[in-house]
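All remarks here apply to the structure that follows.
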Amino acid sequence: MPAWLPVRKLNQLNPRYLIFIVVVSLAITVLIVNPYGLSRSTESAAAESADTTETEAASPSKPNPPKDNDQFCTTWPVDKDGNYDLDAQDRSNRVESHSIAPSGGWRKPKGLKIIGMVFFGRKRYVDILDCYLQQNLASNGGYLDEVWFMIHTEVEEDLDWLNTHVANNPDYKVVGGKDYKPKEPGYGYLWNYATGNNTIYVKIDDDIIYIHEDAIPQLVHTRLAVPHAFAVSAHLVNSPITGVEQFHHNAIYPFVPDPNRKPSHNASETWRLSGLDRYPKDKLDKLKEEDSKKIMYPEVPYRGHPFVLLSEDNFDLLHTSMGRYDQDPGGEFIAWSPMWRSWAMAAQQQYSLLYNLEKNRISRYFFGRPAAYPADAKGPEAGTTTTTIPAPGRKGEVVRPPPLGGEQVFDTQFRRYNLNFCAVWGSDVAGQLPIAPDDEDAITKTIPRKTGRPFVIDTRAVVGHFSFFTQAEGVGQTDLLDRWRAFANEAVCAPDNRKTPWDLRCPGFEGDEGASRRRWERRGRKNSI
């Protein structure tokens, strides 16, 4: 054996070398288990923990730091840790809004209670919706006496956020949490709570991301003005039936996905679409030759992409997802048609709404005619007799028409419509319990057919709906949620209730990554003085 080997015999090692081998083996094991390096020092970990605590204290609505994932990201200029400084933006409200409020403004009717029912499951959307709910609270001059969050989730992160949020607002309450059974599909059981006399329940889905300032007052007055209807829906943007009608009433524009394969604009907090380049003319011929299926179900170009405008020429609608569907809708029932499945159609409707808001053209959504039903048509169930509600007419009686509501109504003619946002009397719900698990089919079609009382849409009560589950993955890859948050921050949210992103920045969006961090640090030093 060579003299330099640390062995005296084949089965005997020098103890000093044995210790050395054990130490080296442990070090190698650590590196294999943690390929990013050795553990940080206690001092470094403490410093990072302190920094995180400071950030969380400055932004109480975001209790957990954002995580990088494939489902969500933001196009706002957050720093590498997801921090965003709201004070860095110009917060003047430059939104011009067409209002249909009567002279002197809206006045909540006396003698009845109005409760908002938010079917809750997803905090990202409700965080934006919160600004609209606050705007419409009776305590803030609106119509909603209370807002109930009807629990339909078991995701602890979302529930923790909701409970904290509700605890800070006396007009909010959580309802139905103990009744939620994940293995039993449907929402019918939540309607068991909506049975109060002289009470209008405004059912709101959690992914309603826009409510026009007149929508809830208008909806309530139409509920009063059209007693024959079983329920009155708001005018949904992103819905099969109303989407087709909007297309034919010039409310839809030729928006298509960004043709670029990576971002061509910087990260920013904005909702206006006029700042985007239009679709390049040199790519139009290729777009026009695309197969209709590829246009209705396009590939996602990149995460956080916008839709861009071809032109304002109606002829160019033929080269968009909604245009191709309109030319050949096929024989499918419209509720389950491509208008329900296509994420591109959902996006085209919402970008058109944003464009109409920017151009102050919300009246393009107002179509339909005054409700006209026989004087002896059936009205609400017993329990809705207040002095502010006209009683159903009887032969020989003259019924005074209400001053507001029902001016432009679209009757769905007993077809299934989407139940994302509607107003219904509690006594009418009580008379139809139990509501079937498929509450949408029950309230928009089955019960109206059984009672002979239609489900109608008030086209003046415009609201925006983010996505059906069939569209969610594609719509979630656009920048729409960021744009709706930006619109709410400018036009709706109170100064102390403006919203920040939940997520890290989408790949490829450039900007001053250090700006937000430097402002956070300056704010921290200022608060410590």
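The values are calculated or read from the model by the stated rules, or taken from the named source; none is laboratory data. Quantities reported herein were computed from a predicted structural model and do not represent experimental measurements. Virtual Cβ from ideal backbone geometry, glycine too; neighbours counted across all protein chains shown. Please note that ligands, DNA and RNA were not included when accessible areas were found on the heavy atoms of the full protein model with its side chains. Shrake-Rupley method; radii C 1.70, N 1.55, O 1.52, S 1.80 Å.
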Of all residues in region 142-170, which are surrounded by 20 or more Cβ atoms within 10 Å (Cβ to Cβ) and more than 19 Å from the chain's Cα centre (by Cα)?
Gly142, Tyr143, Leu144
Taking Asp277 as the residue in question, decide whether it is over 23 Å from the mean Cα position of the chain (by Cα) and touching a residue at least 60 places away in the same chain (Cβ under 8 Å).
no
Could you check, for region 83-92, whether at least one of its residues is of a type outside the set (D, E, K, R), in a loop (DSSP other than H, G, I, E, B), under 20 Å from Tyr210 (Cα atoms) and more than 23 Å from the chain's Cα centre (by Cα)?
yes
Working only within region 468-479, note down all residues that are under 16 Å from Asp205 (Cβ atoms) and either more than 12 Å from the chain's Cα centre (by Cα) or open to solvent by less than 10 Å² (accessible area, probe 1.4 Å) (or both).
Phe469, Thr470, Gln471, Val475
Just for region 128-141: of the residues that are touching a residue at least 12 places away in the same chain (Cβ under 8 Å) and more than 17 Å from Phe421 (Cα to Cα), which one is most open to solvent (accessible area, probe 1.4 Å)?
Ser139
Say whether the condition of being in a loop (DSSP other than H, G, I, E, B) and either open to solvent by 40 Å² or more (accessible area, probe 1.4 Å) or more than 28 Å from Asp70 (Cβ to Cβ) (or both) is met by at least one residue in region 333-349.
yes
Entirely in region 207-319, the strands (runs of 3 or more DSSP E) that have 3 or more residues that are surrounded by 22 or more Cβ atoms within 10 Å (Cβ to Cβ):
208-211, 231-237, 255-257
Taking region 309-342 only, how many residues are over 25 Å from Asn356 (Cα atoms) and of a type in the set (Ser, Thr, Tyr)?
1
Arg364 - would you say it is surrounded by fewer than 20 Cβ atoms within 10 Å (Cβ to Cβ), in contact (Cβ under 8 Å) with a residue 60 or more places away in the chain and more than 22 Å from Asp411 (Cα to Cα)?
no
Given (1) closer than 22 Å to Val118 by Cβ; (2) open to solvent by less than 40 Å² (accessible area, probe 1.4 Å); (3) out of contact with any Lys or Arg (no Cβ under 8 Å at 6 or more places or on another chain), identify the lone condition not met by Pro454.
(1)
Going through (1) open to solvent by 80 Å² or more (accessible area, probe 1.4 Å); (2) touching a residue at least 60 places away in the same chain (Cβ under 8 Å); (3) touching a strand residue (DSSP E or B) at 6+ places or on another chain (Cβ under 6 Å) one by one, Lys173 fails only at (2)
Name the single residue that is surrounded by the fewest Cβ atoms within 10 Å (Cβ to Cβ) among those in region 92-127 being over 16 Å from Asp206 (Cβ atoms) and of a type in the set (Gly, Ala, Ser).
Ser103
